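Working notes, beginning with the structure itself.
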Amino acid sequence: MTTSNSLLEQWEQFVQLVEESYDDNIDEYHFDLRVRDALETAVSSDTEPEWVMEKLSSLDERFRALLRPEPVRDDVPWWRGRVPRYAGEELAAAFRQWYGVEVEVR
């Protein structure tokens with residue numbers, strides 16, 4: 001069983017990778033978003049300590065700041081429905097192909 005603390009650490013690492021310009025493919029990007037899905041499940045049980053909620057809120061704020069304002073999908077949670085404003089070349093090309101959006105290549 002993965003602890004909330006471990007999930008938060010993984011989410012923080014992912015957010016940092018996106019801040020630095022995520023430089024992997026779209027399959028890995030979507031796979032890495034699974035940690036946020038797991039956190040959502042964990043916090044929806046209302047049994048998580050306050051510090052978990054505070055840390056998640058802080059990390060989510062950092063991640064939201066990296067995303068394009070308009071969603072590319074409306075049928076998924078916000079972290080899956082929006083894409084970063086910038087990414088590595090391969091991921092930027094995939095966003096263009098999959099969603100028809102341009103993101104800055106960094």
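Bear in mind that the values in this text are calculations on the coordinates, not laboratory data. All values derive from a computational prediction rather than experimental measurement. Note that each Cβ is placed from the backbone with ideal geometry, even for glycine, and that neighbours are counted across all protein chains shown.
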Pulled fully out, how much extra length does the chain show between S6 and E90, if you take 0.36 nm times their separation in residues and subtract their Cα-Cα distance? 27.4 nm
Calculate how steeply helix 4-19 sits against the longest principal axis of the alpha-carbon atoms of the chain, using the helix alpha-carbon long axis, and give the answer as 0 to 90 degrees to the nearest 10. 20 degrees
Built amide H within the under 5 Å cut-off of R82, gap 5+: V72
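Using Cα pairs closer than 8 Å and at least 6 residues apart in sequence, work out the relative contact order for the range 4-105, in percent.
Details: 104 pairs, mean separation 32.2, N = 102.
Once normalised by length, the contact order is 32 percent.
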Inter-label distance, nm, simple model (7 Å from Cα along the C-beta direction), W51/V76: 3.2 nm
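In the range 29-106, which GluC sites (Glu not before Pro) are in a loop and have at most 15 other Cβ atoms within 10 Å, using DSSP for the loop call? Could the numbers behind the result be given before it?
On the way: sites: E40, E50, E54, E61, E89, E90, E102, E104; in loops: E102.
Listed in order of number, the matching sites are E102.
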Grab the other residues whose beta carbon is less than 9 angstrom from that of L67, score K and R as +1, D and E as -1, and report the net. +4
Spacing of the two label points (7 Å from each Cα toward its C-beta) at D27 and E40, in nm: 2.3 nm
